[in-house]
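Report on the structure given below.
The values are calculated or read from the model by the stated rules, or taken from the named source; none is laboratory data. What you see is a predicted model; the values in this text were computed from it and never measured. Here the Cβ is made from the backbone with ideal geometry for all residues, glycine too, and neighbour counts use every protein chain on show.
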Amino acid sequence: MVHFRTDIGAVSPQATGSNDTYSKNLKTDVLIVGAGFGGIYLMHKLRQLGFQCKIYEAGKGLGGIWHWNCYPGARVDTQVPIYEYSLPEVWKDWTWSERYPGFAELRKYFEHVDQKLGIRKDVAFDTRVVGAQFDKPSAKWIVETEDGRTAKARYLLLATGFAAKRHFPGWPGLDRFKGEIHHSSFWPDAGVDVKDKRVAVIGTGSTGVQIAQETAKTAGSVTVFQRTPNLALPMQQKPLTREEQMDRKAQYPEIYKNRMTTFAGFQYDFIDKNTYDDTPEAREAFYEKCFENGGFEFWLANYKDLLFDAEANRAAYDFWAKKTRARISDPRKRDILAPVEPPHAFGTKRPSLEQNYYEMLDRAENDVVDIKKTPIVEVTETGLKTADGKHREFDVVALATGFDSVTGGMKNMGLKDVDGVPLSEKWKTGTWSYLGMTCAGFPNMFFLYGAQGPTAFSNGPSCVECQGDWIVDAMKKLRDEDIQYCDATREAEEGWRRRVTELSDKTLFPGTSSWYMGANVPGKPREQLNYAGGIPLYEQECREALDNGFRGFVTA
C-alpha cells in the first residue's frame, strides 16, 4: 500500500538551509506565512519600502496551491493574462502556451517570478508554523515552528490562502485500502499510473471534474461519487502563441487597471441589464454567446440579476441544463449530472470549467454514483461500500473532498490572541474579522485571501493585489507615523461581520449549502465567509478606514 498522507506537516525531520532565514532564533521586521501569490506579492512590495522580510513556507517550493496541486488535469480556471501579477518586471517577457495553463506551466511561472524578484533567498521551506502570539512587552510576534525554531517579528502577515487545510471524510477504513489512495492536494509529484485501472473519484468540485475527465483518457474505468452536481461550464481552452501575446503586451497596463474595476477582478463583468429586459430570442442569443466565449462568462458576465433574482436564475439554469443534457446520451447519468430541476441556484456554488467531462462520463465503461441517495459507508481493502449494500472494487481512489475552506488554515496554525485565547476557539461559533484582513486581539497582524474578504468571489491575483496594496500602505502609514501597535476593535469586527452578512443576504448565496457558507465541513458554523459586494466596493470601504486615521483600530 502507498502511504496515505493526511497532513501538511512532518514533511522533513528538520528544515535546514544555507542562510539566516533558517536561523533557530530568527529576527525580522516582517514574517510572512505562505509563499504563494499573496506572500510573494507582499514580500516584493514591502522590500521596495525597505522592510526586512522573511517567509515561512510549509512546502518545498514557491507557488502556494500550485506547489501542492499536481493531480491529473490540474489547471487554473481563470484565463491569462488575468491570472498573473500586474507587475511589469514579471509579465513583460513571460508568455503562456494556452489560455488556461496547467500546474506544470504555473510552476514554471513561479520560477520566472523568482528569477525576476529574487524571492527564494528569503524563504524558509519545509517550515510549518504551529504557534504564534503577540508579546506586549517587546511589541513582537513570537512564532514557533514544528521543528522547534522561534522567530520574532514586528509584523505577522498570513498568506496561507483559502485552501490551506484539507478536508478528509470520516468513513471507517480509509487507512485499510490496499490500492493507491490520495487526497487531490497530496497527489504524488511523480504521478499515479492509472492505465487500464479502476479509478474512483470522490467529489465533484473543480478538482473532481478535472481528475475525472483527465484519468478517463487512459483508465480502464472511472467512477465518480457525486453528492451535488457540478454545474460546470465549457472552458473553451485554446493554445496561445508567443507572438500574439507579445503583440498584446502594450495593452497589459490597461487590462490590469480594468480588472480591478469589475465585481470579481476578471476581464469582464455583469451586463447592466436584467434577464427579462430582453426578449426570449435575445436572451437565448446572449446565453449562447456567453457559452461560446467560455470560462466564467456565463456566471460573471451574465445579466446583473442572475445572483439576486430566483426567476432570473432559473432561466439561466434551464439554459445550462438544456445545453449540458444534450451532451449525455445515457438517461440515468443525464439525470444525475444535469437534472431538470436545479439542485441549487446557479452560481451559488462555484461552477467548474470542463473540457469534455460530460462526454467522458457518458462512456459505457465509466459511471457516476449519486451519494446523496446511496452514501459511502465504508472503505474496504479493495474498494468502497455504499448504503445500498453495493461494494465496488477499485485500484486507485482520488479524494477530491476539498478543504476546510477560507477559515481552516488560520485556525490550524496555533494562533493565539494577546490574552492567550486560540483563534480556533474564538472562531468556533462563527468568524470575526475587520475588513477581512485583521482580527481584534491580534495586533500588527494582517492576512489576505482569507475570511470575509472578496476571496472566493474573485480572481486570486486581483484579490491579492487589492488586499496586498492596502496592507503595504497600512504598514507604511504605521511606520511613517511612528505607530508601534495597531489592533482592530471588537466593535469594528462586529460591524464588519454584519456588513458581510448584509451583502450576502441580498443575494441567493445563503439559500445554498456550499463551502462559501462553510457548509461542506460537518460541525462548521453556517455563515457567509466571503465579502459579496465585489472588489471595487470592498476596496472603497477598506480605503475609507485607512484614510480616516485607522478607523476601527486602536493604535499606540
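Overview of values
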quantity	calculated
Residues satisfying the stated conditions in region 335-347, i.e. surrounded by 21 or more Cβ atoms within 10 Å (Cβ to Cβ) and either part of a helix (DSSP H, G or I) or under 23 Å from the mean Cα position of the chain (by Cα) (or both)	L337, A345, F346, G347
Residues of region 82-114 satisfying the condition of being closer than 21 Å to A232 by Cα and either under 18 Å from the mean Cα position of the chain (by Cα) or at pLDDT below 95 (or both)	I82, Y83, Y100, P101, G102, F103
Subset of region 479-509 (residues that are of a type in the set (A, V, I, L, M), in a loop (DSSP other than H, G, I, E, B) and more than 22 Å from G549 (Cβ to Cβ))	L508
Residues of region 408-436 classified as assigned to a loop (DSSP other than H, G, I, E, B) and either small (G, A, S) or over 14 Å from E494 (Cα atoms) (or both), total	12
Failed criterion for D77 (all others in (1) charged (D, E, K, R); (2) in the same structural domain as L415 (by TED's automatic domain parsing); (3) touching a strand residue (DSSP E or B) at 6+ places or on another chain (Cβ under 7 Å) hold)	(2)
Given (1) assigned by TED's automatic domain parsing to the domain that holds Y485; (2) at pLDDT below 95, index of the condition V418 fails	(2)
Residue that is farthest from G453 (Cα to Cα), among those in region 506-556 that are among the hydrophobic types (A, V, I, L, M, F, W, C) and modelled with pLDDT under 75	V521
Residue match in region 393-409 (condition: within 29 Å of F296 (Cβ to Cβ), of a type outside the set (A, V, I, L, M), surrounded by 15 or more Cβ atoms within 10 Å (Cβ to Cβ) and touching a helix residue (DSSP H, G or I) at 6+ places or on another chain (Cβ under 6 Å))	yes
Matching residues, region 268-321, being surrounded by fewer than 20 Cβ atoms within 10 Å (Cβ to Cβ), part of a loop (DSSP other than H, G, I, E, B) and not charged (D, E, K, R)	Y268, F270, N274, T279, G294, F308
Which listed residue, of E243, E146, is without any contact (Cβ under 8 Å) to a residue 40 or more places away in the chain and not polar (S, T, N, Q)	E243
Residue list for region 248-257, restricted to those being surrounded by fewer than 16 Cβ atoms within 10 Å (Cβ to Cβ) and within 27 Å of F291 (Cα to Cα)	R248, Q251, E254, I255, K257
Qualifying positions in region 73-88 - farther than 23 Å from S185 by Cβ and aliphatic (A, V, I, L, M)	I82, L87
Residue match in region 338-351 (condition: touching a Leu at 6+ places or on another chain (Cβ under 9 Å), closer than 29 Å to T279 by Cα and of a type in the set (K, R))	yes
Matching option when the condition is surrounded by fewer than 20 Cβ atoms within 10 Å (Cβ to Cβ), within 23 Å of A264 (Cα to Cα) and either touching a residue at least 40 places away in the same chain (Cβ under 8 Å) or in contact with a Cys (Cβ under 7 Å, 6 or more places away or on another chain) (or both), among L87, L106	L87
Boolean, Q79 is over 21 Å from the mean Cα position of the chain (by Cα) and of a type in the set (S, T, N, Q)	no
Complete set of residues in region 235-284 that are within 22 Å of T455 (Cβ to Cβ) and in contact with a helix residue (DSSP H, G or I) (Cβ under 8 Å, 6 or more places away or on another chain)	R259, M260, T261, T262, F263, A264, G265, F266, Q267, Y268, D269, F270
